[in-house]
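First the structure, in the form of structure tokens, and then the observations on it.
The values are calculated or read from the model by the stated rules, or taken from the named source; none is laboratory data. Remember, predicted model here, so these are calculated numbers, not experimental data. Cβ atoms come from the backbone with ideal geometry, glycine included; neighbour counts cover every protein chain shown. Keep in mind that these areas ignore ligands, DNA and RNA; they rest on the heavy atoms of the full protein, side chains included. Shrake-Rupley method; radii C 1.70, N 1.55, O 1.52, S 1.80 Å.
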Amino acid sequence: MTDSEVFKEGLAGVPAAKSRVSHVDGTDGILEYRGIRIEELAKSSSFIEVAYLLIWGKLPTQGELEEFEYEIRTHRRIKYHIRDMMKCFPETGHPMDALQTSAAALGLFYARRALDDPNYIRAAVVRLLAKIPTMVAAFHMIREGNDPIQPNDKLDYASNFLYMLTEKEPDPFAAKVFDVCLTLHAEHTMNASTFSARVTASTLTDPYAVIASAVGTLAGPLHGGANEEVLNMLEEIGSVENVRPYVEKCLANKQRIMGFGHRVYKVKDPRAIILQDLAEQLFAKMGHDEYYEIAVELEKVVEEYVGQKGIYPNVDFYSGLVYRKLDIPSDLFTPLFAIARVAGWLAHWKEQLSVNKIYRPTQIYIGDHNLSYVPMTERV
Ligand code: SDX
């Protein structure tokens, strides 16, 4: 097989690992975490239980879950060094940049890199799951000119994050919806940020650097940043009548429509189906959102034009409408994605350690050979 037959742009369709963490069937729109369908987990589980399932490969017993939840609850606070560091970040900085820097900074305090020590592994998992939400909320509060709000140890994972944004205990239904959103975003096989995590993990660096690497990758608008762009797009469209001309303009200009398309799914993302239902439940309970009709019309028109190319809503299309109804600022949408995906990244980090093979692919060199060095005086 020649190099050009092997090479696939963006490694499209090229297996980069053998994994037991999750499975996606892009033709039938199926997503499983450790063999369990996402619809089941969204209905019956919680984000912390799902994180345990992804990372340790089995559903926890009642005792294991209570111990895991207790450990996370008691490790939510971040050192004052991290908070003070965040106070030096520019107020105009994007929360994803602050998160990437802060996650790497955790490595300064906790690295030690005893990767063969199960206690080190467990401590790193607990610290990262526990502290990432606190860092996101802390940066948000600091940027608003307020002191960060300390975690509320009485509240569960999802409720505590919403509490740290407002210092008010959230509506239980809103907190449950947010918890399901975290479950839906927790893991998704070999997406770009998880691939980054595995490549970084393969060098046997510390897990804090692995998470910082994955956060930086997720920050890109083609990956994690799309849900924030979707709301901007719906606002730009402005009315149901403007949807069709907008779609025609985008397609004519080969402009990607945010929240649509996927490297694997060629049908509607099963997470988008669940998120659309959550949005409708929220609207019924907490009041309607005029953007929703525009979104539904946009989905219909995009399917009419490019459905045959397998372009349907992905996870980012309805998530922004859910977060907006939960009064979460739009520039925290991608950090929310990161908070959830820490579970999947950690699962792949642990799995990669058992592979113990550094990633080092090859390339097809298309440059020059045997060129002479040109003295400065002869350069143009
Ligand atoms: C996530 O991988 C994961 O699992 C990611 C994720 C996860 O959970 O981790 O699911 C989360 O990243 C969701 C995706 C969020 N991003 C967006 O919504 C941005 C818009 N989407 C596109 O940029 C695009 O669909 C990608 C990046 C998601 C997928 O890109 P691919 O697989 O590389 O597809 P492509 O760019 O090669 O496009 C193939 C064709 C092209 O047409 P042709 O040139 O062949 O004629 O499909 C068209 C594209 O123009 N196309 C789109 C489109 N996405 C693809 N046309 C219009 N709008 C789009 N959104």
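Put simply, of 14, 21 the only residue that is open to solvent by 40 Å² or more (accessible area, probe 1.4 Å), farther than 21 Å from residue 159 by Cα and of a type in the set (Val, Ile, Thr) is 14.
Tell me, yes or no, whether segment 231-245 has at least one residue that is within 30 Å of residue 157 (Cα to Cα) and not β-branched (Val, Ile, Thr). Yes.
Residue 44 meets the conditions (1) closer than 19 Å to residue 179 by Cα; (2) touching a residue at least 24 places away in the same chain (Cβ under 8 Å); (3) not aromatic (Phe, Trp, Tyr) in every case but one. The failed one is (2). Beta carbons closer than 8 Å, at least 6 apart along the sequence or on distinct chains, pair a first residue in segment 213-228 that is without any contact (Cβ under 8 Å) to a residue 24 or more places away in the chain with a second that is more than 10 Å from the ligand (Cβ to nearest atom) and among the small types (Gly, Ala, Ser) for 213/196; 213/197. Cβ-Cβ distances below 7 Å connect the following pairs, each with a first residue in segment 60-72 that is in contact (Cβ under 8 Å) with a residue 60 or more places away in the chain, a second residue that is of a type in the set (Ser, Thr, Tyr), and a separation of six or more residues or different chains: 72/157. Across segment 104-126, a minimum of one residue is classified as farther than 21 Å from residue 353 by Cα and either open to solvent by less than 60 Å² (accessible area, probe 1.4 Å) or under 18 Å from the mean Cα position of the chain (by Cα) (or both).
Note on segment 62-78: residues that are touching a Phe, Trp or Tyr at 6+ places or on another chain (Cβ under 8 Å), surrounded by fewer than 17 Cβ atoms within 10 Å (Cβ to Cβ) and under 11 Å from residue 153 (Cβ atoms) total 0.
Conditions first: (1) farther than 19 Å from residue 186 by Cα; (2) surrounded by fewer than 19 Cβ atoms within 10 Å (Cβ to Cβ). Residue 221 passes all but one, so which condition is the exception? Every listed condition holds for residue 221 apart from (1).
Residue 66 meets the conditions (1) in a helix (DSSP H, G or I); (2) at pLDDT below 95 in every case but one. The failed one is (2). Identify, please: which residue in segment 187-201 is closer than 12 Å to residue 352 by Cβ and touching a Phe, Trp or Tyr at 6+ places or on another chain (Cβ under 8 Å) and is, among those, farthest from the ligand (Cβ to nearest atom)? Only one residue tops the list, namely 201. The one condition from (1) within 26 Å of residue 54 (Cβ to Cβ); (2) within 12 Å of the ligand (Cβ to nearest atom) that residue 157 does not meet is (2). With respect to the conditions (1) surrounded by 24 or more Cβ atoms within 10 Å (Cβ to Cβ); (2) farther than 24 Å from residue 107 by Cα, residue 211 lacks only one, and its number is (2).
Every condition in (1) at positive phi; (2) away from the ligand (no atom under 11 Å from the Cβ) is met by residue 310 except one, and the failing one is (2). Just to confirm my filter: which helices (runs of 4 or more DSSP H) fall fully inside segment 263-372 and include at least 2 residues that are in contact with a Pro (Cβ under 7 Å, 6 or more places away or on another chain), touching a residue at least 12 places away in the same chain (Cβ under 8 Å) and buried (at least 21 other Cβ atoms within 10 Å of the Cβ)? Once the helices (runs of 4 or more DSSP H) in segment 263-372 are filtered for at least 2 residues that are in contact with a Pro (Cβ under 7 Å, 6 or more places away or on another chain), touching a residue at least 12 places away in the same chain (Cβ under 8 Å) and buried (at least 21 other Cβ atoms within 10 Å of the Cβ), what remains is 333-355. Filtering segment 204-229 down to residues that are at pLDDT 95 or above and within 14 Å of the ligand (Cβ to nearest atom), which residue is nearest to residue 102 (Cα to Cα)? Restricting to residues being at pLDDT 95 or above and within 14 Å of the ligand (Cβ to nearest atom), the top hit is 215. Summed over segment 69-110, the residues that are under 14 Å from residue 129 (Cα atoms) and of a type in the set (D, E, K, R) give a count of 5.
Being near the ligand (Cβ under 7 Å from one of its atoms), under 25 Å from residue 220 (Cβ atoms), within 19 Å of the chain's Cα centre (by Cα) and open to solvent by 70 Å² or more (accessible area, probe 1.4 Å): is that true of residue 256 here?
no
Quick one: in segment 230-253, of everything that is closer than 28 Å to residue 103 by Cβ and more than 8 Å from the ligand (Cβ to nearest atom), which residue is surrounded by the fewest Cβ atoms within 10 Å (Cβ to Cβ)? Filtering first and then ranking leaves 232.
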